[in-house]
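What follows is a set of notes on a single structure, which appears directly below.
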Amino acid sequence: MAAVRSINKMYGVCFHVRQTAGLKASRLLQHRAFRVGAVLRQQPFDSTLEKPQFPGASAEFVDQLEFIQPNVISGIPVYRVMDRQGNIINPSQDPQLSKETVLNFYQKMTLLNTMDRILYESQRQGRISFYMTNYGEEGTHIGSAAALDPTDIVFGQYREAGVLMYRGFPLDLFMAQCYANADDLGKGRQMPVHYGSKDLNFVTISSPLATQIPQAAGAAYALKRENMNRAVICYFGEGAASEGDAHAGFNFSATLECPLIFFCRNNGYAISTPTNEQYRGDGIAARGPGYGMLSIRVDGNDVFAVYNATKEARRRAVAENQPFLIEAMTYRIGHHSTSDDSSAYRSVDEVNYWDKQDHPISRLRHYMTARGWWSEDDERSWRKQSRKTVMEAFERAEKRLKPNVELMFTDVYQEMTPGLNKQRESMWRHVQQYKEHYPLDLYDK
């Protein structure tokens, strides 16, 4: 019993100690709470200092009802280096390119122009089925292409032949593609002007509008993952920027922080739809900030401005892993395509202004002439030579055979499926039955 009393006494002491400690802790917490409350009472809450904590935006609270005006970013300026007469406006912005480089710019721009004229006329004569010219937009092609690394991947729309030409795509392959002959890298399966070159990192053109934009975002994300110090450039017109794919591509590239340059050729028309019927905001560059992208608007008829903007965007895209949006303001002097007659929706005077007063080729020629790098004799000689070169490639393409008929069934599956085999056999039975309508001697064996 003595032992039990001893244990009870011990537990009693422990309980008393715990109870006393608990009361002291409770009083201490009450005292601290009182002190905190006193401080809060002494310093009243100031709602003007409160910051929004919403995860979806960075902003401040306001106490006035006001809708954001669409022109909150009003009149984004147009960056340029040369005026219309080829004079450098700000010497600090002169890219200081060598004479050889500038002459190469000019010769590529004029060669593209000559190729356009010959292939456009060939379509009008029924020699090819379709064509799209690049008149007036040559500066956007050459200026941007020159600022890229050859390993950078290009996603074009259908009016970037000059980019491919600058990278070294030969005239014979341009002609082969438009004629769909046996030399065509696409094996005659695409419409004319749907160029592509794996060797030159130029992804084959796709007819549906704006599909290249989200594809470019995916390619840029892959390059980022591989840490290859390469970038992607994606070309499109302001009309394509109205497609849903443009939103997807912009948003993916910004949130995934991709080394990608979005290059918009704002040439005034989406086929026949003028810009004032396409959007109400300030062009395409104004959309960049909404996606968290750095944006710039440049004079697309100034090859040096295009070069400077693309070069800096490319440098930062690779170094910082982020997308850039360039809006090149230019004008589509030619018809949308050989399927279009632009005289139905714009005046001859409007077209003539851009053709005669503010053309990227004439602007660069003024620059070269002022420096003694180009003369009238040089112009006549080069125009004659370039036309001869294009015509020779044109004539070779016309004489080539069409691709082997069997190529209709290849390159889809590694091994031909039973369904494809059935179609192939049906095709050959049809050809043999009506052989007078199928001159197979014109096709490569």
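GNM, the chain, Cα, under 10 Å: largest mean-square fluctuation among Ala222, Ala254, Ala176? Looking only at Ala222, Ala254, Ala176, the largest GNM fluctuation is found for Ala222.
Run the numbers on segment 195-342 and let me know its relative contact order in percent, using alpha-carbon pairs under 8 Å that are six or more apart. Reported as a whole number, the value is 25 percent.
When the solvent-accessible area of segment 91-399 is split by element, carbon and sulfur atoms take up 48 percent of it, the probe being 1.4 Å. Across segment 335-344, computed HN-Hα scalar couplings (Karplus, 6.51 cos²θ - 1.76 cosθ + 1.60, θ = phi - 60°) run 5, 4, 7, 6, 8, 10, 10, 6, 5, 6 Hz from first to last residue, x flagging Gly and Pro.
As a length-normalised measure over Cα pairs under 8 Å and 6 or more apart, the relative contact order of the chain settles at 19 percent.
Of the chymotrypsin sites (Phe, Trp or Tyr not before Pro) found in segment 364-414, those that fall in a DSSP loop while having at most 16 other beta-carbon atoms within 10 Å are Trp373, Tyr413. Taking 15 Å as the straight-line reach from the Cα of Lys99, the aspartates and glutamates in range (excluding those fewer than 8 positions away in the same chain) are Asp378. For the options Asn71, Asn266, Asn229, a Gaussian network treatment of the chain with springs between C-alpha atoms closer than 10 Å singles out Asn71 as fluctuating the most.
Measuring between their Cα centroids, segment 310-375 and segment 192-271 lie 19 Å from each other.
Under the combined filter of DSSP loop state and at most 14 neighbouring Cβ atoms within 10 Å, segment 95-160 retains these chymotrypsin sites (Phe, Trp or Tyr not before Pro): Phe130. For the residue pairs Lys402/Lys445; Lys108/Lys399; Lys399/Lys445, alpha carbon separations beyond 21 Å are given by Lys108/Lys399.
Where does the chain land at 222 nm, in deg cm²/dmol rounded to the nearest 500, when only DSSP H runs of n ≥ 4 count, each adding -39500 (n - 2.57), divided by all residues? Calculated at 222 nm, the ellipticity per residue is -14500 deg cm²/dmol. Think of a 1.4 Å ball rolled over the protein heavy atoms: segment 91-399 then has 41 Å² of accessible area per residue. Springs join every pair of Cα atoms under 10 Å in this Gaussian network model of the chain, and among Ser129, Ser206, Ser375 the largest mean-square fluctuation is at Ser375.
Measuring nothing but alpha carbons in segment 187-272 and taking Rh as the Kirkwood radius, the Rg to Rh ratio lands at 0.99.
Loop-located GluC sites (Glu not before Pro) across segment 359-419 with a Cβ neighbour count of 10 or fewer within 10 Å are Glu415, with loop assigned by DSSP.
The values are calculated or read from the model by the stated rules, or taken from the named source; none is laboratory data. From a predicted model like this one, the values you see are computed outputs, not experimental measurements. Using ideal geometry, Cβ is built from the backbone for each residue, glycine included, and neighbour counts are taken over all protein chains shown. In case anyone asks, the SASA skips ligands and DNA or RNA and just uses the protein heavy atoms, side chains included. Shrake-Rupley method; radii C 1.70, N 1.55, O 1.52, S 1.80 Å.
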